[in-house]
Amino acid sequence: RGAEAAVPVARDIFVNAISSMSINDAIGIVRGGDNAATDFLKGRTLPSLTNLFTPIMTTALEQAGAIKTLDSLSAKLKAIPLAPKLGADAKSDLIRHGVEFGLDGMFTYIGKEEAAIRANPAKRTSEILRRVFG
């Protein structure tokens, strides 16, 4: 849910990546494979998207009760010899995993849409898509 909340906010990051595209980047995307545009976007946006999604994911996990549950579990681990280290990074690991999973899902979806646009002329619903992909 945190990733879903962050996606609309990510629009500016995508617009900036597309606006900074060079002619060589565009040629590489047009001549590239089924996911060339997706790979370009991921390469240009992943660090910024990760920074954007992290606080949103943290809030979503807190609202869902996952952070509280994890904190409770980590507190119990402190009483077990050698176990406190197991819970030391659990919260940051959970948040990082949620962000990575959300971004991977988003780019998987974008890649599927890109492949469909390249493969099926009926999916080229805008004038620019028709001009680029024929």
Considering residues that are under 16 Å from Ala66 (Cα atoms), modelled with pLDDT under 75 and loosely packed, with under 15 Cβ neighbours inside 10 Å, the number found within segment 79-112 is 1
Here the residues within segment 104-120 that are within 16 Å of Leu46 (Cβ to Cβ) and either of a type in the set (D, E, K, R) or outside any helix (DSSP H, G or I) (or both) are Asp104
Pairing a residue in segment 17-39 that is acidic (Asp, Glu) with any residue that is part of a loop (DSSP other than H, G, I, E, B), where Cβ atoms lie under 8 Å and the two sit 6 or more apart in sequence or on different chains, gives Asp39/Gly32
Checking Ser126, Ser72 in turn, the sole residue that is closer than 30 Å to Gly32 by Cβ and either open to solvent by less than 60 Å² (accessible area, probe 1.4 Å) or modelled with pLDDT under 85 (or both) turns out to be Ser126
Taking segment 47-60 and keeping only residues that are in contact (Cβ under 8 Å) with a residue 12 or more places away in the chain and open to solvent by 30 Å² or more (accessible area, probe 1.4 Å), one is left with Ser48, Thr50, Leu52, Thr54, Ile56, Thr58, Thr59
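The values are calculated or read from the model by the stated rules, or taken from the named source; none is laboratory data. Computed from a predicted structure; not experimentally measured. So basically every Cβ, Gly included, is an ideal-geometry build from the backbone, and we count neighbours across all protein chains shown. The area values use the complete protein model at the heavy-atom level, side chains included, leaving out ligands, DNA and RNA. Shrake-Rupley method; radii C 1.70, N 1.55, O 1.52, S 1.80 Å.
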